[in-house]
Every structure is written in C-alpha cells, then in structure tokens.
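Reading through the structure tokens given below for one structure.
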Amino acid sequence: MQASEHHRSSSMYHQPLQQMEAYCLPQYRTLNHQLYYNDGGHGTTNFSNPTSSGFYCTLESSSATGSFILYNSPSTVSFSPNGSPISQQDSHSYPIEQYQNHSPDNTYGSSMSGSCITDDLSSFKHKLRELESVMLGPDSDNLDSYESALKDGANFVSPEIDSWRQTMGAISSKNLKHVLVACAKAVADNDLLMAQWLMDELRQMVSVSGEPIQRLGAYMLEGLVARLSSSGSSIYKSLRCKEPESAELLSYMHILYEVCPYFKFGYMSANGAIAEAMKCEDRVHIIDFQISQGSQWITLIQAFAARPGGPPHIRITGIDDSTSAYARGGGLHIVGKRLSKLAEHFKVPFEFHAAAMSGCDVQLHNLGVRPGEALAVNFAFMLHHMPDESVSTQNHRDRLLRLVKSLSPKVVTLVEQESNTNTAAFFPRFLETLDYYTAMFDSIDVTLPRGHKERINVEQHCLARDLVNIIACEGVERVERHELLGKWRSRFAMAGFTPYPLSSLVNGTIKKLLDNYSDRYRLEERDGALYLGWMNRDLVASCAWK
C-alpha cells in the first residue's frame with residue numbers, strides 16, 4: 001500500500017521506549033464476562049457472546065516493550081505470561097524472554113519500567129485539570145460543568161484550546177470517531193502524553209462485542225498502540241502465528257465470504273470477463289496470482305461445462321504464498337485435488353499447476369505458458385500486496401504487469417479494494433482506513449447478527465491483522481497498500497494494456513446477488529469498471545484488460 005511515501009513521522013521511532021507506558025494487551029478470550037489470555041501458538045481462540053463489555057484488551061502482547069506493565073485504569077486487566085489474570089495489587093513486570101520466541105525478526109527493545117511514564121501521565125492529567133480550571137473557573141472540576149460552559153458559549157481563541165475543548169466534548173459524549181482521530185493526530189504529531197491519555201480514554205469506549213464503530217475502534221486502537229510502541233511488525237507476525245487451526249481459519253474466511261458480497265462480486269465479475277473472452281477457445285490457461293482456496297474457479301468450471309459445443313480444456317496455474325497455505329491447512333495440492341475432482345464431476349478436461357511462492361518471486365519460467373493455449377490472468381485482491389516504486393527499486397507491482405503483458409493474454413482481470421492507503425502519510429491514511437472499514441463493519445453488522453458467536457473471530461482473524469498493518473507499519477513491513485482504481489488504470493496503461501469491456505449479463509447477475517444481502521449495497525458501472533459500494537462509500541472495484 002505505498003509509493004513515494006510522504007515523510008512519515010519517523011521521529012517517534014527514535015523516542016526512547018522509557019518515555020512510553022507499556023500496556024498489557026493480550027489476545028481476546030471472553031469467558032463469564034472476564035477476559036483471559038490464550039497464548040497457544042496453534043490453539044484456537046474462541047469467543048463466547050459476552051453481554052458485558054466492562055473489560056477490554058486488544059490483540060497486542062507487550063512484545064515491543066519487553067514487559068507486562070499494568071496500566072492504572074479501573075477497566076484494565078493485567079495478565080501473567082501463563083495466561084492467568086492478575087489483580088492490580090499483584091501485578092509485576094515480566095521479562096519478555098518468558099513469553100516471546102527469540103526470533104531474528106525481533107529487533108525491539110528490552111524490558112523497561114513503567115513508573116516514569118506513569119508519573120508523567122499523572123502530571124499531564126493534573127495539568128489538563130489546571131487548564132480546565134483556568135478556562136472554566138476554579139469550581140469547574142468535572143465534565144458536566146465543562147459542558148455547561150460550552151452551552152453558555154464559552155469562546156476560546158487558541159486553536160489548541162479549541163481542539164482540547166472539542167476532544168473533551170467528544171469524550172463526554174462518547175463520540176468514538178472523534179476521539180480516535182484525535183488520538184491518531186497526537187500520534188502523528190509525536191505528542192506522546194496526549195496520545196497515551198487518549199488511548200486510556202478509548203479503552204473505556206471500544207468493545208469487540210459492541211456497535212460496529214466500537215468493534216472497529218478496538219482494532220484501530222490496537223494499531224495506534226502498536227505504532228506508538230514501534231511494534232506493528234511484530235504484532236502483525238504474532239497475529240499470523242496465533243491464528244487458529246487451519247480448518248477453523250478456513251471456516252472464518254468462509255463465513256466472511258458468505259456474509260459479505262465483496263469476494264463474490266469480485267470473483268463473479270472477473271469470471272464473467274474470462275468466460276466472455278474464452279467463449280470460442282478450445283484450450284484455456286488461467287494464471288491466478290493468488291489462488292487461495294480456489295473458490296473463484298468453481299463457478300467458472302461449471303459455466304464452461306455448460307458451454308454450447310462442449311467445454312474447453314482448462315489448465316490453471318495457481319500461485320500463492322505460505323500464509324494461504326496455512327489457511328488451507330496445507331499446500332496448493334489441496335486446491336488442485338479439489339478443482340480436479342470438481343472438473344471430473346462436470347466432465348471438463350482439467351490440469352492444475354502449482355507455484356507455491358510470493359508474487360514478488362514469480363518469474364516467467366514459473367508460469368508454465370504453452371503455445372496453443374488462450375491465456376487469462378487473474379489479479380484478485382492480490383496486487384496491493386506487491387511493493388511498488390515507493391518501497392522497492394524492483395517495483396514488483398509494475399514488474400508483474402509488464403511480465404504479464406509480454407505473454408499476450410486475451411484478458412487480464414483486476415479486483416481491488418477501492419481505498420487510497422499506498423503512499424499516504426500516516427494521518428491521512430488513518431482517516432481513509434477509518435472511513436473504509438466503518439462501511440465494512442456496518443455492512444457486516446447487517447448480514448451477520450451481532451450475537452453470532454463467530455463474528456468476533458471473523459473480524460479478528462480476517463480483518464484485524466490488515467488494520468494493524470495499515471496503521472502501525474511502514475516501509476517494507478507495510479504490505480497492505482491499496483490504491484484507487486484511477487492509479488491502477490495508470491499502471492495498466494503504462495504496461496501497454498487497453499480496457500476490456502465487462503459483460504452486461506454479468507452485471508445483472510451481480511445485482512441479483514446483492515438482492516440477497518441488503519438494499520444499502522449498490523452496484524455502479526463507471527468508465528468501463530464495476531464498483532461495489534455500501535451506501536455512499538465505494539468498497540471494491542473490478543475491471544478487465546487486454
């Protein structure tokens with residue numbers, strides 16, 4: 001997600017860790033309204049349906065800070081390394097070595113004490129009260145009187161005081177979005193004490209079992225905490241390592257696939273373009289640059305089977321990396337067996353070629369192109385993971401497009417999230433991410449009941465990792481780098497592609513699909529591309545090229 005990245009607020013990465021308070025923020029586990037830490041590397045993190053959100057802990061372990069430090073808040077729970085909750089009175093600092101693997105990837109700090117920042121934070125809060133007293137009078141020692149002063153038209157000239165007034169009002173009215181933005185601004189400005197104070201307030205407002213904005217806020221807060229402690233990469237990796245058993249993770253993905261039309265929309269629109277381009281071909285070769293579970297090709301094989309005059313011979317080259325291998329429960333041979341069995345059932349001649357590698361490593365010889373085959377290339381939710389010119393001089397994003405163009409494909413399909421986070425500096429990227437995922441979490445809330453026992457798991461394991469990566473990571477460590485379709489058009493045009501028209505028949509099929517979800521989803525065709533949106537927010541864009 002990034003190009004010539006705006007000068008990031010890297011100054012905060014050089015701040016000594018002793019200036020920041022460590023937070024005990026392990027993975028969620030809710031049981032009998034208490035939160036427990038589940039550290040099983042291959043275990044399953046399960047969630048009951050809590051009726052109380054009195055306690056909140058984010059995904060983060062204290063891997064970047066080196067010790068568990070209890071934050072002095074009545075709603076914060078501390079955890080020992082073996083997973084048992086400990087009270088404030090019994091809390092201690094635990095060395096990082098007791099619960100963290102010694103990995104060469106871990107370059108973060110050693111253990112520290114939280115006393116310095118706690119003292120600073122107490123002093124900071126005292127100064128805030130002094131400021132409030134100056135603004136509102138010596139008797140104004142609570143937010144009620146503060147709000148009263150606001151209603152009386154108190155006029156503050158200073159922009160800083162006006163910002164403070166708005167933030168205090170947002171906290172009082174529990175305007176979670178406003179407080180999230182204020183906290184992100186403090187992080188961007190390297191205002192550590194303000195950021196820590198607002199994080200403390202946010203912990204009282206977010207909940208993984210609450211309203212959509214409360215649930216999203218929990219993961220946005222996690223990203224802010226990780227960024228402030230420079231631990232985004234380690235958290236991202238630890239979340240990957242602490243995913244549940246493969247079959248269960250696959251079930252989470254399947255739930256998300258079923259309750260949100262994003263993937264179906266993308267797959268259906270891409271398959272329609274491929275079927276149209278290959279309607280007269282006898283031998284078809286499809287290169288899928290992120291085949292994942294292979295679900296996209298089930299409906300296409302069925303469609304080819306019903307083609308007048310009989311199906312073509314289909315060969316699929318499936319490319320994918322180790323992350324998807326974990327989700328599948330094994331290597332690409334699992335996808336090959338599944339699709340081969342399906343093709344055999346529908347009497348479609350079929351071959352499968354596996355290329356187990358990242359898109360960054362793909363070279364011409366990995367693609368197995370043969371003469372006499374009509375070629376289709378599929379980029380579905382994949383290219384945004386490729387580093388571009390802002391990250392690497394190799395610019396794999398454009399390199400892959402040039403490589404594919406050299407193969408003279410009949411059609412190339414592109415499906416991507418319609419979001420602008422690639423080259424954006426941290427703060428505008430945070431705002432864009434908040435807006436995008438607000439729409440996504442709202443849409444999930446409509447189709448997946450809030451009391452559904454697996455909803456928290458779906459959001460945590462399928463969405464939270466991406467959010468943490470977008471907010472907390474920079475440079476090569478930030479792999480979630482989305483671009484708007486306008487930018488993708490420029491890249492395809494520079495590689496020599498021209499637009500391929502989408503099928504109006506497919507558009508009608510997708511509209512029927514959306515009728516099964518919510519009337520707040522919308523489908524719009526603009527400039528030869530299809531956009532899936534939620535209310536007034538575009539979420540996914542799909543187009544084809546030749």
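The values are calculated or read from the model by the stated rules, or taken from the named source; none is laboratory data. Predicted, not measured: the structure shown is a model, and the values here were computed from it. Cβ coordinates were reconstructed from backbone atoms using ideal geometry, including for glycine residues, and neighbour counts include every protein chain displayed. Quick note on the areas: whole protein, heavy atoms, side chains included, nothing else; ligands and nucleic acids left out. Shrake-Rupley method; radii C 1.70, N 1.55, O 1.52, S 1.80 Å.
Report yes if ALA376 is in contact with a Leu (Cβ under 6 Å, 6 or more places away or on another chain) and open to solvent by less than 70 Å² (accessible area, probe 1.4 Å), otherwise no.
Here the answer is no, as ALA376 does not meet what is asked.
Yes or no: segment 246-257 includes at least one residue that is within 15 Å of the chain's Cα centre (by Cα), at pLDDT below 75 and part of a helix (DSSP H, G or I).
no
Across segment 512-531, what is the number of residues that are assigned to a loop (DSSP other than H, G, I, E, B) and either of a type in the set (Ser, Thr, Tyr) or under 23 Å from ALA303 (Cα atoms) (or both)?
So the answer is 3.
Report, by residue number, each residue of segment 255-277 that is open to solvent by 40 Å² or more (accessible area, probe 1.4 Å) and out of contact with any strand residue (DSSP E or B) (no Cβ under 7 Å at 6 or more places or on another chain).
Selection gives TYR257, GLU258, PHE263, MET268, GLU276.
Can you tell which of GLY359, GLY318, GLY310 is among the small types (Gly, Ala, Ser), surrounded by fewer than 19 Cβ atoms within 10 Å (Cβ to Cβ) and farther than 27 Å from LEU448 by Cβ?
After applying the criteria, what remains is GLY310.
Do we have ASP282 as modelled with pLDDT under 95 and charged (D, E, K, R) here?
Considered against the rule, which asks whether it is modelled with pLDDT under 95 and charged (D, E, K, R), ASP282 comes out as no.
Do any strands (runs of 3 or more DSSP E) entirely within segment 273-373 hold 2 or more residues that are among the aromatic types (Phe, Trp, Tyr), and if so, which?
By residue number, 350-356.
Yes/no per residue for (1) within 22 Å of LYS177 (Cα to Cα); (2) open to solvent by less than 20 Å² (accessible area, probe 1.4 Å):
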| residue | (1), (2) |
| --- | --- |
| LEU400 | no, yes |
| VAL404 | no, yes |
| PRO409 | no, yes |
| VAL415 | no, yes |
| TYR436 | yes, yes |
| SER443 | yes, yes |
| THR447 | no, no |
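CYS280 - would you say it is surrounded by 24 or more Cβ atoms within 10 Å (Cβ to Cβ) and of a type outside the set (Phe, Trp, Tyr)?
Answer is no for this residue.
Scan segment 177-226 for residues that are open to solvent by 10 Å² or more (accessible area, probe 1.4 Å), of a type outside the set (A, V, I, L, M) and over 23 Å from ILE456 (Cα atoms) and jot them down.
HIS178, LYS185, ASP189, ASN190, ASP191, TRP197
Here's a check for you: in segment 449-464, which residue that is under 9 Å from the mean Cα position of the chain (by Cα) and open to solvent by less than 20 Å² (accessible area, probe 1.4 Å) is farthest from ASP519 (Cα to Cα)?
Selected residue: ALA464.
So which residues in segment 374-413 are among the aromatic types (Phe, Trp, Tyr) and assigned to a strand (DSSP E or B)?
PHE379
List, please: which pairs have Cβ atoms under 7 Å, are six or more places apart or on different chains, and start with a residue in segment 490-511 that is part of a helix (DSSP H, G or I) and end with one that is among the polar types (S, T, N, Q)?
From residues that are part of a helix (DSSP H, G or I), the pairs are VAL506/SER269; ILE510/SER269.
Among (1) in a loop (DSSP other than H, G, I, E, B); (2) open to solvent by 40 Å² or more (accessible area, probe 1.4 Å), there is one condition PHE427 misses while meeting the rest; what is its number?
Among (1) in a loop (DSSP other than H, G, I, E, B); (2) open to solvent by 40 Å² or more (accessible area, probe 1.4 Å), PHE427 violates only (1).
Kindly indicate the residue of segment 465-489 that is open to solvent by 10 Å² or more (accessible area, probe 1.4 Å) and outside any loop (DSSP other than H, G, I, E, B) and also farthest from MET220 (Cα to Cα) among those meeting that condition.
Among them, the one singled out is ARG489.
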